[in-house]
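Peer 1: Could you have a look at this structure, given as structure tokens, before my questions?
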Amino acid sequence: MNYTGSEDRVHPARKTGCGRGENGGVAESWMIDELAHAGPEHLDPVFVAGYDRKQGYPDPADDLAAFEAHGLDETSAVVDLGAGAGQFALAAARRFGHVTAVDVSPAMLATLCERAAAAGRANLDCVRAGFLSYEHSGAPADGVHTRNALHQLPDFWKALALNRIARMLRPGGVLRLRDLIYDFGPAEAEAVFTGWLGHAAADPADGYSSQDYAEHIRTEFSTFRWLLEPMLAAAGFEIITVDFERRLYGAYTCVKSAG
Ligand SMILES: C[S@@+](CC[C@H](N)C(=O)[O-])C[C@H]1O[C@@H](n2cnc3c(N)ncnc32)[C@H](O)[C@@H]1O
């Protein structure tokens with residue numbers, strides 16, 4: 001397994017096995033530093049080692065089914081943006097033809113790549129890049145998945161990221177987006193957050209504690225549903241399904257419009 005640094009960018013499509021590369025063009029002077037916004041914990045190998053236990057083991061069945069409902073199968077290519085330690089990407093590689101797992105964090109990507117190699121997946125490539133720097137090449141993707149990662153970007157950059165996602169998909173391609181998204185108005189924030197923090201894990205090793213949630217609200221960029229949905233429309237997506245849990249966690253299935 002090779003690691004390719006920025007001096008020698010190799011696109012994963014040219015690699016075999018758990019191809020591991022880094023891609024993205026030269027950044028404009030006004031471009032945000034995605035690594036600086038990635039969340040310091042995601043860059044910390046100690047946090048990454050305990051990440052699965054902390055976040056639990058969410059079943060990706062609904063996400064896989066959302067793609068399959070739109071015709072994706074063993075011939076399809078899927079990109080997972082902000083893939084983390086690979087819980088979705090590994091499952092998707094067992095179901096779809098090719099998966100490109102993209103993450104800006106070297107520590108997350110190292111874990112994901114080790115797992116992909118251990119699983120013997122030749123159809124899973126790992127690329128170190130961000131929402132705003134990943135360069136998709138070859139045929140447009142059939143699906144893009146992103147879970148609990150888009151909130152790392154402030155809203156202006158989310159809109160750009162969604163536009164880039166639309167451009168890497170074929171017409172009719174599917175975006176499955178899950179994230180912490182606020183399904184309430186500003187006047188309700190205090191009441192909703194009080195309830196949320198009241199249901200947090202007691203031990204931060206076992207789950208997200210009230211301190212973790214408070215830090216998320218203070219320092220990360222979860223947005224309102226009523227701001228996100230116009231961004232999806234502006235990027236050229238039609239929202240097909242949307243589900244919210246506790247007015248805080250949104251799951252969207254969107255299709256890229258043909259026009
Ligand atoms: C909370 S984790 C979620 C990981 C995975 N999607 C999951 O659900 O288990 C957020 C991930 O997004 C990555 N990330 C943060 N900012 C990013 C960006 N701008 N582009 C790509 N990945 C990013 C982090 O490195 C981290 O792995």
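The values are calculated or read from the model by the stated rules, or taken from the named source; none is laboratory data. In this text the structure is predicted, and so the values were computed from the model without any measurement. All Cβ positions, glycine included, derive from the backbone under ideal geometry; neighbour counts span all protein chains shown.
Yes/no per residue for (1) modelled with pLDDT of 95 or more; (2) in contact with a helix residue (DSSP H, G or I) (Cβ under 6 Å, 6 or more places away or on another chain); (3) loosely packed, with under 14 Cβ neighbours inside 10 Å:
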position	(1), (2), (3)
GLU190	yes, no, yes
GLU220	yes, yes, no
ARG225	yes, no, no
ALA235	yes, yes, no
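Peer 1: Now for a different question. Could you say whether any residue in region 20-36 is more than 12 Å from the ligand (Cβ to nearest atom), within 19 Å of PHE88 (Cα to Cα), modelled with pLDDT under 65 and not hydrophobic (A, V, I, L, M, F, W, C)?
Peer 2: Yes, region 20-36 has at least one match.
Peer 1: Moving on to the next point. Quick check on this structure: which one of ALA139, ALA149 is closer than 26 Å to TYR182 by Cβ, among the small types (Gly, Ala, Ser) and either surrounded by 23 or more Cβ atoms within 10 Å (Cβ to Cβ) or more than 15 Å from the ligand (Cβ to nearest atom) (or both)?
Peer 2: Criteria check complete, one pass: ALA149.
Peer 1: While we're looking at this one, here's another question. If you take the residues of region 23-46 that are farther than 30 Å from PRO171 by Cβ and in contact (Cβ under 8 Å) with a residue 40 or more places away in the chain, which of them is surrounded by the fewest Cβ atoms within 10 Å (Cβ to Cβ)?
Peer 2: PRO45
Peer 1: Do you know which residues across region 94-109 are small (Gly, Ala, Ser), surrounded by fewer than 23 Cβ atoms within 10 Å (Cβ to Cβ) and in contact with a strand residue (DSSP E or B) (Cβ under 9 Å, 6 or more places away or on another chain)?
Peer 2: Listed by number, the list holds a single entry, GLY97.
Peer 1: Restricting the search to region 32-48, which residues are within 17 Å of the chain's Cα centre (by Cα) and hydrophobic (A, V, I, L, M, F, W, C)?
Peer 2: LEU35, ALA36, ALA38, LEU43, VAL48
Peer 1: Collect the residues in region 53-65 that are outside any loop (DSSP other than H, G, I, E, B) and within 15 Å of the ligand (Cβ to nearest atom), keeping them in residue-number order.
Peer 2: ARG53, LYS54, GLN55, ALA61, ASP62, ASP63, LEU64
Peer 1: I'm trying to understand the selection: among the residues of region 219-242, which are among the charged types (D, E, K, R) and over 25 Å from PRO171 (Cβ atoms)?
Peer 2: Of everything in region 219-242, those that are among the charged types (D, E, K, R) and over 25 Å from PRO171 (Cβ atoms) turn out to be GLU220, ARG225.
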